[in-house]
Each structure stands twice: as structure tokens, then as C-alpha cells.
1. Counting helices only, and only those DSSP H runs with n ≥ 4, report the 222 nm mean residue ellipticity of the chain as the sum of -39,500 (n - 2.57) divided by its residues, in deg cm²/dmol to the nearest 500.
2. May I ask for the distance between the Cα centers of region 31-109 and region 129-196, given as a whole number of Å?
3. Hey, any idea what Rg/Rh is for region 8-114, computing Rh the Kirkwood way over Cα pairs?
4. Order of THR85, THR69, THR178, THR107 from fewest to most other C-beta atoms within 10 Å?
5. Which Cα, out of PHE41, GLY70, LEU16, lies furthest along the positive dipole direction of region 8-136 (beta carbon charges, K/R +1, D/E -1)?
6. Would you work out which of PHE125, GLN155, ALA166 lies farthest towards the positive end of the dipole of the chain, given +1 charges on the beta-carbon of Lys and Arg and -1 on that of Asp and Glu, about the Cα centre?
7. Say R0 is 45 Å: what FRET efficiency, to the nearest 0.05, do ARG129 and VAL52 get from their beta-carbon distance?
8. What's the magnitude of the charge dipole for region 79-191 around its Cα centre, counting Lys and Arg as +1 and Asp and Glu as -1 at the beta-carbon? Answer in Debye, nearest 20.
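Rule-based calculations on the coordinates, nothing more; no lab input. Bear in mind that the values here come from a model prediction, so they are computed numbers and not experimental data. Reconstructed Cβ throughout: ideal geometry from the backbone, glycine too, with neighbour counts over all protein chains shown.
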Amino acid sequence: MRTRPASRRRLAAAALALATVACRQDMHDQPKYKAQGKSDFFADSRVGRPLVAGTVARGFLRDDAAAFTGRENGKLVEAFPFPVTSAVMARGRERYDIFCAPCHGRTGWGDGLVVRRGYRRPPAFHDDRLREMAVGHFYSVITNGFGAMPDYAQQIPPEDRWAIVAYLRALQRSHQGTLADVPPAERARLESEPQR
């Protein structure tokens, strides 16, 4: 069956009418709020709404006081909140070299590059006073700052702060280490090497 030209025109006109009804301009001009914009609806005139009290972002629940403050029941913690592995030590050394060594020096003597250029000298980690400090003290200082040292809470995540403290403890122990502290297999290798 053949359609007449007039019915084709009517069919095309109907299709065109349907297509133009769907493309009204108000679809492009939808009422919406933009970030940091003004709102006439809310009493404070802000589009952005404050967080509901007690809201915690995913992954930011800090329910372990010892792990996130370095204190438990108001006292500095003496032990690490997780096992210290070789991976933790490697991460701690890397983070220490980035964030701490500019002031404290790579070996913890307080002779970093910025100190050599006139900045205030920090205490050496090898002082008896600091060697006897609880690990929570160092975590707290990194988190909150102390004296001339600024806080690094924004730059260093909590896990990395603990890794730095673990590496710092290794630096302190290495300063007082003796050959008897070295494992037997490594000791034999060290004893066979020529003295420099």
C-alpha cells in the first residue's frame, strides 16, 4: 500500500511538532544552585549546608585514641599500636628523610640543611632525655608541634607518623649499638671486612 504525499507531509509535520515540544528552552534553564552560591531558601543564605553533628567521613573514624593521639587515658603510650615490620621501617625512613631530615639531619643529630643555613637547631634524638621518652611523645610532637617545630598533622597521615617514630627509635638504638647486637651471620661478615 502506498501513502499519499499529503499523508506523508502530515506525518512529517506531526513528527516535527513532537520533536520541537521536547526541546523547550526551559530544559536548558533549569533552576539549580551552584557551589558557594546564595540561597533565598535557607536562613543563612548559603547553598552549602553544614555537616550534621557527629558526621564522620568514610575512613576517618578515629576511635583508637592511642593510635591517633599517642595518648591513652591521658598518658603517653609506651608501645606502638601495630607491629613494626621491615616494611614499616622502610616507610618510616622514607618519610623521615622527606619531612624530618631537613631540620633533624639524616642521623638525628639536629644538623639538617636548614640548620646549616641559620635556622634554630633542634635537639639531637640521641640525648638521654629523648632516648627515654615514650613513643607517644614523638607521635604527639609530629601531630601537634612543639616549641619551634610546627605540626605536621596535615602533611603526614597517622600511619606514616608512627612509621617515622619507629625509624627514629632505630636511629636512637643504632647510636648506642655494639657488635654484640648484630646477628651472628652479619657479625662474621662485618668482622671479615677491612677497617676503614
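1. Helices in the chain give a 222 nm mean residue ellipticity of -12000 deg cm²/dmol.
2. What the calculation gives is 22 Å, centre to centre.
3. Working: Rg = 30.3 Å, Rh = 21.6 Å.
Rg/Rh for region 8-114 comes to 1.40.
4. Details: THR85 11, THR69 18, THR178 6, THR107 15.
Arranged by neighbour count, lowest to highest, THR85, THR69, THR178, THR107 become THR178, THR85, THR107, THR69.
5. LEU16
6. It is GLN155, whose Cα lies furthest towards the positive end.
7. The value I calculate is 0.50.
8. It works out to roughly 260 debye.
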